[in-house]
Amino acid sequence: MKQNIKNIREIIEMLSDREALDLLMMLQSTRPGCLIMDPNESLKNRLQKFCKQNNYPFEQKKDNTSKLGKKGFFITDERERLEIINRGTGRFYGASDKKVGKFLGFPKESINYFNQNIEQGPIEPQAREKRKQLVKQGVITEEEADISKIVSYVPKPSEKSIVKAVKRGKTHIRNLRRFDQNTDSKIGTCAIEDFYNKLPDFEV
């Protein structure tokens, strides 16, 4: 386990704050899969070795829309889940946005909202405004609004979807802290702190 923790820490340090959280959540089975976008050769080799040693199915998919040959590194703890991103084609490393969202375990209503509205421009502002509205109405607290930001998707700007994001966020945080307890480390806690410390000003 100590060797595993050392490997996990080394990989986490090479990831973005968002990807670090996503990988840790997958390792805790809080979510079924994660995506590392365009890892460099060193990180790719570390990810491959880690997945093989710990029996995590993975697949690299090329972004056919990029002349740079960028690849997405998909990891899951359910081998059959890789079939989702291999059905059909799309702009996101050869898969559709919808398929990638499903692979990552995002809620169906938020996947559909993303697909129906992304061509019109950024969709984050609507979710942000809905969070603020729900705080004013007393449906969620300011702390819960912040907790909802730790999920990797943009929730549909509805009360139901944002409350669901709050619940998911609480589960993510609880499991990351449990990971620290089980491994006698602070990897999960540090990942949470790094994520919130680097949120853009408009998200605070």
Whichever residue in the stretch 143-190 is assigned to a loop (DSSP other than H, G, I, E, B) and of a type in the set (A, V, I, L, M) and, among such residues, is nearest to Asp97 (Cα to Cα): Val154
Residue that is more than 24 Å from Lys198 (Cβ to Cβ), acidic (Asp, Glu) and touching a strand residue (DSSP E or B) at 6+ places or on another chain (Cβ under 7 Å), where the choices are Glu59, Glu19, Glu109: Glu59
Pick from the stretch 187-198, criterion surrounded by fewer than 13 Cβ atoms within 10 Å (Cβ to Cβ) and of a type outside the set (Asp, Glu), ranking: modelled with the lowest pLDDT: Lys198
So Thr141, is it in contact with a helix residue (DSSP H, G or I) (Cβ under 8 Å, 6 or more places away or on another chain) and modelled with pLDDT under 95: no
Any helices (runs of 4 or more DSSP H) falling wholly within the stretch 1-96 and containing at least 3 residues that are more than 14 Å from the chain's Cα centre (by Cα): 2-12, 41-53, 82-85
Residue identified as under 30 Å from Asn7 (Cβ atoms) and in contact (Cβ under 8 Å) with a residue 12 or more places away in the chain among Arg131, Arg177: Arg177
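The values are calculated or read from the model by the stated rules, or taken from the named source; none is laboratory data. In this text the structure is predicted, and so the values were computed from the model without any measurement. Cβ: placed from backbone, ideal geometry, glycine included. Neighbour counts: every protein chain shown.
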